[in-house]
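Heads up, the thing below is written out as structure tokens.
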Amino acid sequence: MVRLMGGRHQCEGRVETYLNSGWGTVCDDAWDLPDAQVVCRQVGCGVATAALGEAVFGPGRGTILLDNLKCSGAEASLHECSHISWNVHNCDHSEDAGVTCSLL
């Protein structure tokens, strides 16, 4: 599961994903438009218009679940994209990834 938090509308915000029994954020290292495209499709918000970093939508809380995410853009879920390993990162919440999608 994926959700967008802190945006002005439901189709933009800080990217958070669910693992085991809790929500966590995604670090912006290597975060780019193909990664954002997967998120926008997963939340039903059309195509990605921006892949944003540096906690543009505010810092999250709790665990940083993903870092160095690499998606082709065709994946159905962020969980299908390659990454270092769950809960392994060199980030803090000032580096939380965000997206803006085309549907408002």
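Bear in mind these aren't lab numbers, they're just calculated from the coordinates by the rules spelled out. Just so we're clear, the structure is a prediction, and the values are computed from it rather than from any experiment. Glycine also receives a Cβ, built like all others from the backbone with ideal geometry; neighbour counts cover every protein chain displayed.
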query = How about the stretch 1-58: which GluC sites (Glu not before Pro) there are in a DSSP loop, with at most 16 other Cβ atoms within 10 Å of their Cβ?
reply = Glu54
ask   = Given N residues in the chain, what is Rg(Cα) / (2.2 N^0.38 Å)?
value = 0.91
query = For Val56, what charge total do you get from the other residues with a beta carbon under 13 Å from its beta carbon, if Lys and Arg give +1 and Asp and Glu give -1?
reply = -3
ask   = Which value at 222 nm does the chain reach when only helices count, each DSSP H run of 4 or more adding -39,500 (n - 2.57), with the total divided by all residues and rounded to the nearest 500 deg cm²/dmol?
value = -3000 deg cm²/dmol
note = Within the set Ala36, Ala48, Ala76, GNM on the chain using Cα springs under 10 Å gives the largest fluctuation to Ala76
